[in-house]
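The structure under discussion appears below in the form of structure tokens.
Laboratory data are not the source of any read-out in this text; all were calculated from the coordinates shown. Here the structure is a predicted model, which means the values were calculated and not measured. Quick reminder, even Gly has a Cβ in these numbers, built from the backbone with ideal geometry, and neighbours come from all protein chains shown.
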Amino acid sequence: EPEVTQTPSHQVTQMGQEVILRCVPISNHLYFYWYRQILGQKVEFLVSFYNNEISEKSEIFDDQFSVERPDGSNFTLKIRSTKLEDSAMYFCASRGQGVTEAFFGQGTRLTVV
Amino acid sequence: AQSVAQPEDQVNVAEGNPLTVKCTYSVSGNPYLFWYVQYPNRGLQFLLKYITGDNLVKGSYGFEAEFNKSQTSFHLKKPSALVSDSALYFCAVRDLRGGYQKVTFGTGTKLQVIP
């Protein structure tokens, strides 16, 4: 069964460093998303991406965040200068054309120290 | 704006008993509604969805959910709970009006099935 894969599973970084979280969506899916979940809290929408551009973003997704689909398979989330409060589980998701539900990856746990 | 409320942080149920996890939603237009389950240290797994049609929808692992437009609810149910159902359950909504892509999640309900 096809699945969304995320790497790494756990990333530890120092405050102020840049991190790139990687995702390989399900092939032939066209809509891509990043969500985050701070420990013990709700799952929060960050950004959606379609047709090589951002279609929606939340207020969390400020100038420190960016997304990219550098090739036909990867979808990345970059945080330019990490803050302690960026520590969270980051989930990538993808959705096919004409399909209503998104499929999520296993997540990357980001720890900023 | 779209929002979801899950009024219970935790639901405890004895194995073999029926379970209900509550969800209410708020959207401007017609909703797409979803339930996802999260096992410890795992991602979100899709359980079921309501798009249109029958108000009772069936999903994975014997779960079902009932859409009630007048009460703006989408409660998750299962006739007989298993210990392996213990997990965190998230209700989610997507508003069709405005072409929104994002799905808004509730705060989650921890289901504990007691042997």
Amide H partners (placed H, <5 Å) of A:S87, local residues excluded: A:V112
What residues have an amide H closer than 5 Å to that of A:Q106, excluding those fewer than 5 places away on the same chain, when H is modeled at 1.01 Å from N in the peptide plane? A:Q6
List, in order, the whole-Hz ³J(HN,Hα) value for each residue of segment A:3-16 obtained from phi through the Karplus relation with A = 6.51, B = -1.76, C = 1.60 and θ = phi - 60°; use x for Gly and Pro. 8, 8, 10, 10, 9, x, 7, 9, 10, 10, 9, 7, 3, x
Rel. contact order, % - alpha carbon contacts under 8 angstrom, at least six apart, segment A:45-113: 21
Among B:V83, A:V24, B:V93, what is the fewest-to-most ranking by other Cβ atoms within 10 Å? B:V83, A:V24, B:V93
Order of B:F90, A:F103 from fewest to most other C-beta atoms within 10 Å? A:F103, B:F90
Using a 10 Å cut-off around each Cβ, can you sort B:S28, B:S73 from fewest to most neighbouring Cβ atoms? B:S28, B:S73
So, in nm, how far is label B:D54 from label A:S55 when the simple model puts each one 7 Å beyond its Cα toward the Cβ? 2.9
Compute the separation of the alpha-carbon centres of segment B:36-115 and segment A:45-85 and state it in Å as a whole number. 26
Across the residues of A:27-33, average count of Cβ atoms on other protein chains within 10 Å? 1
Global form of segment B:38-115, assessed from the alpha-carbon gyration tensor, a/c cut-off 1.5: oblate
Given Cα pairs under 8 Å that are at least 6 residues apart, what percent is the relative contact order of chain B? 38
So what are the ³J(HN,Hα) numbers for segment B:108-113, from phi and the Karplus equation (6.51, -1.76, 1.60; θ = phi - 60°), rounded to whole Hz, Gly and Pro as x? x, 10, 7, 9, 10, 9
Rounded to a whole number, the mean other protein chain Cβ count within 10 angstrom for residues of B:42-54 is 3
Mind giving me the nanometre distance, one decimal, between the label points for B:E8 and A:K42, set 7 Å out from Cα along Cα→Cβ? 1.9
Exceeding the 31 Å Cα-Cα cut-off - candidates A:K42/B:K58; A:K42/B:K77; A:K83/B:K22; B:K69/B:K110; A:K42/A:K83: A:K83/B:K22
Working note, the protein assembly as shown: Cα radius of gyration (Å, one decimal) and Dmax (Å, whole number) are 17.6, 51
